[in-house]
Amino acid sequence: LRFEDHQAIGAPNGVIGLQLAREYLPDLILCDIMMPELDGYSVLLELRHQPATTEIPFIFMTARAAKTDQRTGMELGAEDYLTKPFTHGELISAVQTQLDKRAARTSIIRQGLEDLRERILTTLPHELNTPLTGILGYSEFLSTDSDTLSSQEIARIAQTIFRSASRLQRLIENYLAYMQIDL
């Protein structure tokens, strides 16, 4: 992998490999099935149960060539399964395929976030001003003309102010949620 200009980090067993994956969040993980302390299946299961590592492409490289082993690996979420012995070309092809797929997914996600950002930037001022206008208008009306209004009219105006304030609060909460996603 280093000869192909990839940075590679090795681990002597599954426990250390899992620790390194959590620490470095690599672009891709190559893993054997039969390893000391923690087997490859367990490593994959652990990675898939953690939000930070669940999307990292995972390729098994193993001497276990039975179809049932391959099926188990794929059902657990491995993207590929190389049986030993494999050629240099097979390994590089599998690695590049997964890196390309990850780059494509990342690009789609980034484009989706960019589209969302654009929609928010163009609609947010209007969406915030609409309920705010209702709140300001009705509250000003109450402060200047409350002595001429019936209790039913005041209650109706208060409900409108409350609905507008609730809408404004939801918009702000949604915007803050978006900002957290974007960050």
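Expressed in nm to one decimal, what extension gain is obtained for the pair T122 and Q96 from 0.36 nm per residue of sequence separation less their Cα-Cα distance?
Working: separation 26, 0.36 × 26 = 9.36 nm, distance 3.86 nm.
Full extension of this stretch gives 5.5 nm more.
Can you sort H126, H6 by solvent-accessible area, 1.4 Å probe, largest first?
H126, H6
Between L149 and residues 5 or more places away or on another chain, which pairs have amide H atoms under 5 Å apart, with H built 1.01 Å from N, and which residues are they?
The list, which skips near neighbours in sequence, is empty: none.
Using modelled backbone amide H atoms (1.01 Å from N, in-plane), which distant-in-sequence or interchain residues come within less than 5 Å of L38's amide H?
It is G14, V15, by chain and number.
Let me have the relative contact order for the chain, percent, based on Cα pairs under 8 Å that are six or more residues apart.
Normalised by residue count, the contact order of the chain is 14 percent.
Around F58, which amide H atoms from residues at least 5 apart in sequence, or from another chain, sit under 5 Å from its own amide H, with H modelled in the peptide plane?
Result for F58 returns I29, E79, D80.
Given charges of +1 on the Cβ of Lys and Arg and -1 on the Cβ of Asp and Glu, with all other atoms neutral, how large is the dipole of segment 49-174 about its Cα centre, in debye to the nearest 20?
I would put it at about 580 debye.
Can you divide the C-alpha Rg of segment 91-170 by 2.2 N^0.38 Å and report the result to two decimal places?
Segment 91-170 yields a ratio of 2.11.
Measure off, as a whole percent, the carbon and sulfur share of the 1.4 Å-probe accessible area of segment 49-170, all protein chains present. Don't jump to the answer; show the numbers that get you there.
Numbers: 4590 of 7990 Å².
Its accessible area is 57 percent carbon and sulfur atoms.
Please report the orientation-averaged projected area of the chain, defined via the convex hull of its C-alpha atoms, in nm². If you can, show how the numbers build up before the last one.
Values: hull surface 64.3 nm².
Taking the Cα atoms of the chain, their convex hull projects to 16.1 nm² on average.
Using a 1.4 Å probe and ignoring any ligands, DNA or RNA, find the accessible area of R71 and quote it in Å² to the nearest 10.
Looks like 130 Å² after rounding.
Top to bottom by accessible area (1.4 Å), largest first, where do E140, E118 land?
Sorted by accessible area, descending: E140, E118.
How big is the accessible area of I120 in square angstrom, nearest 10, if you roll a 1.4 angstrom probe over the protein chains?
30
Can you give the convex hull volume per residue for the Cα atoms of segment 86-129, as a whole number of Å³?
Looking at segment 86-129, the number lands at 36 Å³ per residue.
Tell me the accessible surface of L116 in square angstrom (1.4 angstrom probe, heavy atoms of protein chains only), to the nearest ten.
60
The values are calculated or read from the model by the stated rules, or taken from the named source; none is laboratory data. Computed from a prediction, not measured in an experiment: that's the story for all the values here. Cβ coordinates were reconstructed from backbone atoms using ideal geometry, including for glycine residues, and neighbour counts include every protein chain displayed. With ligands, DNA and RNA removed, areas are computed over all heavy atoms of the protein, side chains included. Shrake-Rupley method; radii C 1.70, N 1.55, O 1.52, S 1.80 Å.
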